[in-house]
Each structure stands twice: as C-alpha cells, then as structure tokens.
Amino acid sequence: MSEDDDIRRKLSQDAYSVSLDALGVKRADGAQLPSNSPCEDRYNRAQPVPLWEGEETWVGVTIFDGHYGWQTADHLEKELLSWVQAKLNKLQPASRTDASIQDAIEAAFTELDDSIINNYVAYARSKDMTLEQKVPYMEVAMAGSCALLVLYNPNTKTLYTACTGDSRAVLGYQAYDGTWLPVALSEDQTCANDAEAARLREEHPNEEGVLKDGRVLGLAVSRAFGNFRWKSRREEQEEFGRRFLHCGPVGGRERTPTPPYLIARPVVTVARLRDEGPAVLVVASDGIWDQFENYEVVDLVVRWLEAQPESSLAAMRMTLTRTPDTVWWKKTPPPPAEAHCPPGFDFLERWNNFDIRFREERGVVEDLDNVAVHILRNACGGNHQELLRARLAYRPPFSRDVRDDLTVQVLFF
C-alpha cells in the first residue's frame, strides 16, 4: 500500500454517504478520525425521523463529543434521538409551533440528563444490585459529553439546532454575488462565551473559584451531559467516590455549595432555508472547529462542489452558480506542496513554533467521493504532506497531543 493510499484509508475509515432527497436533503456525507482510544466522539448519521405516527418525517443528525471517557457520548448516541422524538410526538397539531418544538427538544435533553444522574444515585445505593450491575451506570454518569442535534423539517424548510457544549453547526448559503456566507446556528458554550460566564456568576454568586483560567471548576465547557461531580453535593461525591473507588470531589478545596455547576439544557435555535439557491450544513465536534474558522469550512465545501464533475452534481441534483474569481482560493492559487517542505526542514524541531491550524495556502481538494473526508484531510494538514502524515502517524495516547477526535457531517440542500 502506498503512503497516499494509507492516508486515504485512515481518513475514510468511518466515512459514509447517503441520499435523503425525498426529505429535502440531496446528500449527506460524514467521517470520523479518532485520536483517543476508544474514540470519545459519537454521532448519529443523517437519518429519517418519523413523527406523529408517520404524519411527517423529518431529518435528524447529531454529534456527541465525550470527555473523561466515551460512555456518556455512547449513551447519547443510543438514546437522545428517541427521547426527542417521544417529546415531539406528544405535541398536538395546533401546538406544533416553533416555540413548542424548541421547548420539547429542551425538555428531552434535560430529562435525559436527569435520568443519567438520578439512575446513578438510585442504583448506587440499591441493595438489590451487584457492583458489577452498578458500574455501567456509574460510567455514564461520571464521564461527560457535549451534544449537538439538528432536526430538519422539509415541509417548512426549517432547521432546529440544539446545542449543549461546544460542538457547532454552521449553515452556508450562496449570496446573490456568487460568494458563500457562513451562518453559525449554534454558539459554543464555554467560559469564553460572555453570556455563559455571566450566567454562571449569576447562578453561583460569591463563588470566585467556580470560574478560573477560562474553565468551570477545571472543565472547558459550561454545559454537558453526565459529569456527576459537577452536578452533585460534595457529600454525594465523597460517598460515591468511596463506593466506586473513583476520584474525589470536584474543585479541590474550593467551596461548591450550590450545584449543579453544569447543565445539559440546550440552546435551541430556529432557522429557515431560502426558497431558492443551494445551501450546505456542517455539523462537527470541536476538534474540527479548533482548526478552522466557520467561513473556511464552508469555503472548503464549496471548493469540493466546484471540483465535482457535472455528472456528480447532476446525481446530487445540485445546481451551482460558480463563485467569482475574487474568492481566496481562486484569487491566490495555493503553491505546490513541495514549497512547504524545503530541504532540511525539521518538522519535529519546529513543532512549537509552527502554526498547525488550517491555512489557506495548505488547502487541497483530493477526496471527491466524500466531502467530510476532504474536510478531515484539510484539518490535518491539507497539502503540507509532512504535517498531514505526521499527525496521522501519531497513535493513542500520543495522538491526543497533536489532534482531538475529529467528527464532521455535511448536509446538502
């Protein structure tokens, strides 16, 4: 196997592509590149979501970015869509407004997280269960996960986006001048988000140690599923720590009298697609967004589309207006890959002074069969062959030093 074939194999090992044209989604591509072992990201592929006894069918897609383990994300992959579906199915025809749909999604998220935490507390103290039976509930509650859900109603061309954590959904649509514009459908929930920091200060007044170094008692995100230690009283943390021999209370010596310090309640937004013109939706875990600006990912999708043969666009039923020559990848064509690897270049020596984020001059279009794989390639180095091969050469646990778990899905409308 050649080096190029090996790179393609690694990037496309979990890739998929599916058409949901009958539901208004011309095509959906997805791919995942693990860094942790096992990978802490999980996702539900774009799929039909029947509602109201088959009266309508929407499209659902999810991303779950786990931390402190994979177990919470794995649980959400199996459960969240069905919990949301069940909540929506309770809505009567007259009450199926945007507001009520948002409320139903929010309730599903919150109640599912409550079940994770409450089941752990109840089963941990049960006299009728063995320790072996209790451990799986402990793992799901003690680990944590962000969650991103997008539901698409093809009848009204409406996108409902629910975000808990820092995975992100970005919509791209073509403006009248032929350029493409990115629109973030979700906002990262971290302490870098001023609104989230203000919310935490208001909910936990006079607790200066809660927010420190841009983190919530040491955690990077301000909303998440699981993470029992951020949602329970110190006495419970100590009790269950003794029962299960896991780490002690969160916060060290900091006072933590007003839990929960994390919530799973999502922010749910509503957006409607335009009646004319193409659109793309990118949903991805934060490992992708650590490497790109929103507009860069949308532009990479557009570059991939414009590189497609006419037969492929026809199969996707995509009608494109070509972007003007003023867009960055046409205005300044990237130099050949060799220009980034001059003789004597010592990649390892320069690692700490080397910008490993995506740069325009490293953009490349090679994976024409799957746009998600195309995004992964550019996230890992693009046309900089040494950077790309080096980042893919690292294996767990060392790979976590050079890249996060990477999960991305792209929907075409």
Please turn the phi angles of the stretch 48-59 into ³J(HN,Hα) values with the Karplus equation 6.51 cos²θ - 1.76 cosθ + 1.60 (θ = phi - 60°), one per residue in order, whole Hz, x for glycine and proline. x, 10, x, 9, 6, 6, x, 5, 9, 10, 9, 10
Taking the Cβ of Arg272 as the center, what net charge do the other residues with Cβ under 15 Å away carry, scoring Lys and Arg +1 and Asp and Glu -1? -1
Simple spin-label estimate for Thr156 and Ala184 in nanometres, 7 Å along Cα-Cβ: 2.5 nm
Using alpha-carbon positions, the gyration tensor of the stretch 356-413 gives root eigenvalues a ≥ b ≥ c; with a/c under 1.5 called rounded, otherwise prolate if a/b exceeds b/c, else oblate, the class is oblate
Are there DSSP H segments in the chain that both extend 20 Å or more along their axis (alpha-carbon positions) and score a mean Kyte-Doolittle hydropathy of at least -1.0? List them, or say none. 71-89, 98-124
Cα centroids of the stretch 141-158 and the stretch 193-254: how far apart, whole angstrom? 25 Å
Please give the FRET efficiency for Asp114 paired with Arg253, using the beta carbon to beta carbon distance and R0 = 25 Å, rounded to the nearest 0.05. 0.30
Just to confirm a number: summing +1 for Lys and Arg and -1 for Asp and Glu over residues other than Trp328 whose beta-carbon lies under 12 angstrom from that of Trp328, what do you get? -2
Asserting the computed 222 nm helical MRE of the chain (DSSP H runs at least 4 long, -39500 (n - 2.57) per run, divided by residue count, to nearest 500) equals -10000 deg cm²/dmol
Can you compute the FRET efficiency between Ala198 and Thr321 using 1/(1 + (r/R0)^6), with r the Cβ-Cβ distance and R0 = 45 Å? Round to the nearest 0.05. 0.60
The stretch 14-30 - phi-based ³J(HN,Hα) in whole Hz, Karplus 6.51/-1.76/1.60, Gly and Pro as x: 10, 7, 9, 8, 8, 9, 10, 4, 5, 10, x, 10, 5, 6, 9, 10, x
Give the accessible area for His374 in Å² (nearest 10); use a 1.4 Å probe, count only protein heavy atoms, and leave out ligands, DNA and RNA. 0 Å²
With Cα springs under 10 Å, the Gaussian network model of the chain assigns the largest mean-square fluctuation among Lys331, Lys231, Lys78 to Lys331
Between Tyr394, Tyr152, Tyr137, find the one with the highest GNM mean-square fluctuation for the chain; connect C-alpha pairs within less than 10 Å. Tyr394
Residue by residue through the stretch 399-404, which ³J(HN,Hα) values in whole Hz follow from phi under the Karplus form 6.51 cos²θ - 1.76 cosθ + 1.60 (θ = phi - 60°), with glycine and proline marked x? 4, 5, 7, 10, 6, 8
Going by amide H atoms built from the backbone, whose H comes under 5 Å of the H on Val25, apart from near neighbours? Leu20
Taking the convex hull of the alpha-carbon atoms of the chain and averaging its shadow over every direction gives an area in square nanometres of 23.4 nm²
Quick check: pseudo-label points 7 Å beyond the Cα along Cα→Cβ at Lys330 and Glu79, how many nm apart are they? 5.0 nm
Accessible surface, 1.4 Å probe, highest first, among residues Met138, Met316: Met138, Met316
Using the Cα centre as the reference, give the magnitude of the dipole from point charges on the C-beta atoms of the chain (Lys, Arg: +1; Asp, Glu: -1; all else neutral), rounded to the nearest 20 debye. 580 debye
Springs between alpha-carbon atoms under 10 Å, Gaussian network over the chain: tell me which of Ala147, Ala15, Ala372 tops the mean-square fluctuations. Ala15
Can you list the residues, at least 5 places off or on another chain, whose amide H is less than 5 Å from the amide H of Thr190, using H built in the peptide plane? Ser222
Lys/Arg +1, Asp/Glu -1 at C-beta; the stretch 3-412 dipole; positive extreme among Gln47, Thr332, Val18: Gln47
Quick query: amide H of Ala264 versus all other amide H atoms, modeled in the peptide plane; which residues come in under 5 Å with a sequence gap of 5 or more or a different chain? Ala224
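The values are calculated or read from the model by the stated rules, or taken from the named source; none is laboratory data. Since this is a predicted model, take the numbers as computed values, not measurements. Glycine also receives a Cβ, built like all others from the backbone with ideal geometry; neighbour counts cover every protein chain displayed. The protein model used for the area step is the full one, side chains on, heavy atoms only, and it has no ligands, DNA or RNA in it. Shrake-Rupley method; radii C 1.70, N 1.55, O 1.52, S 1.80 Å.
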